[in-house]
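One structure is given below, encoded as structure tokens.
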């Protein structure tokens, strides 16, 4: 069994980005600039945004954090999004989700100029990914692709089972694993809460990507000997023994599943760190105008 | 075994549309107007476009056919697309594919205003479908959904295997069969030329959707007893005994597969007639401005 070390790979990717940014700036080109809008004071969102700002520094990006209180109106937020769309200084930006209930997340996402949509959530980027055109691929799926690539894991013709059909992980992951490319060219099965034969499908998987958000859902008997297991779960399970009061828990029972795997990602330290680094990669592409002019 | 009669269903749907259009016009509303651009004289394209014009008549739509010779320039064609985008009289339009090699199909598709893109090929419509937002769903997948619905075929929790990963059938079909809806909620597997376990996957399918474009690819031993088989193949196989010189041939060996099925579509007369009727449904939605204002 080999542990997929997302933390180490993410550091490596950040260094690669930093090197490229230094070269760009050395050539007199503009330093890439990523902006983030954070609404309210949700604990998880605060943590993620702080990590993103820190990652920007590590990569040599300029970053801006724009804060609003939770009672900001939708119109006010949309107006700021439109301003960022027009602001030539800003190469790409994100609006940290979730948003307060009185604001339509979908409306916000669709108001972002798809050419600056480094989260890859705009329908144009989603559609272009499905068709196989250059686009911003959303962070978690892209991070998983990067891990498969860095560990040179064979995917062509393999049976890849994706657990979960969310718009931000399950569906794009399935789409990417079936495309004509590496990583890709896999036979892809998507299972979810309604699936009758979920256990059987898992047992046949060469590559199992668990993104249900159900702590400890994948048990040893569901995994084939020699499988590659990617755990996308990051549920905060209360844990009084920790200072934070919770423990990040994956969808896979790591202790019992790991011995059967050829490769497995831990939680934390697997997919998680790659997510932020994927956003940095998109920000670099935005800075270079590599996908859209 | 029950034959899925796409021809009969398509007639029924056309009558339903015609009734609704008559009511609209009776209320003094505008008659829906579908336009088609046809470039060159490809035999298949001529046939399809003629069938579309005829279907428009049956539905009570206004239709316009705009013809160009095969040597039209890309810029000339794009200019006409932009005109149709602006033309308030035209509710929706299609550009019949394939186009001559000197014209970028992708550029043409992306130039069409997504609000008039009744073929559902624009990245915005593809992306909205993937996310589960209202959109124009492309004709073949939508026609298959309609057949499943009209025959009240159970899909929730079932294993649905899609053969082929094309942008116009395989990928959208997979996306639709996994969404939280009826038809949908299926465990979906996409197989393709690179799949190692294709036969085994097919043998486990409750619903098998064959869209490889390989005549007679699906044989009896690949199909489970009681399966639902949807044959999307329509390859023109030379046949000297026919006036046309060819025979439309499906991806399924009908004679040997049919006895094992609970439901099966024939070729011709299965999915084919539904494709045009799905376009008519989108044209009606466009006329009613039901999806986009």
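The values are calculated or read from the model by the stated rules, or taken from the named source; none is laboratory data. Quick caveat: nothing in here was measured; it's all calculated off a predicted structure. No Cβ is skipped: glycine too gets one built from the backbone with ideal geometry, and neighbour counts run over all protein chains shown.
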I'd like to know if region A:184-200 contains one or more residues that are within 21 Å of residue A:4 (Cα to Cα), crowded, with 24+ Cβ neighbours inside 10 Å, touching a residue at least 24 places away in the same chain (Cβ under 8 Å) and more than 9 Å from every other protein chain (Cβ to nearest Cβ). no
Residue in region A:219-229 that is touching a residue at least 60 places away in the same chain (Cβ under 8 Å) and within 21 Å of residue B:191 (Cβ to Cβ) present: yes
Going through region A:113-151 in order, the residues found to be touching a strand residue (DSSP E or B) at 6+ places or on another chain (Cβ under 7 Å) and either part of a loop (DSSP other than H, G, I, E, B) or on the phi > 0 side of the Ramachandran plot (or both) are A:118, A:119, A:136, A:151
Select, from B:243, B:224, B:247, the only residue that is surrounded by fewer than 24 Cβ atoms within 10 Å (Cβ to Cβ) and in a strand (DSSP E or B). B:247
Is it the case that residue B:101 is in a loop (DSSP other than H, G, I, E, B), away from chain A (no Cβ under 14 Å) and either modelled with pLDDT of 95 or more or within 21 Å of residue B:70 (Cβ to Cβ) (or both)? yes
Checking the condition crowded, with 19+ Cβ neighbours inside 10 Å, under 30 Å from residue A:175 (Cα atoms) and either touching a strand residue (DSSP E or B) at 6+ places or on another chain (Cβ under 7 Å) or at pLDDT 95 or above (or both), which residue from B:39, B:95 passes? B:95
Subset of region B:45-77 [in contact (Cβ under 8 Å) with a residue 12 or more places away in the chain and assigned to a helix (DSSP H, G or I)]: B:45, B:48, B:49, B:51, B:52, B:53, B:55, B:56, B:58, B:59, B:74, B:77
Does region B:152-183 hold any residues that are within 11 Å of chain A (Cβ to nearest Cβ), more than 19 Å from residue A:197 (Cβ to Cβ) and part of a helix (DSSP H, G or I), and which are they? B:170, B:171, B:172, B:175
Out of B:87, B:113, B:71, B:119, which single residue is at pLDDT 95 or above and in contact with a helix residue (DSSP H, G or I) (Cβ under 6 Å, 6 or more places away or on another chain)? B:113
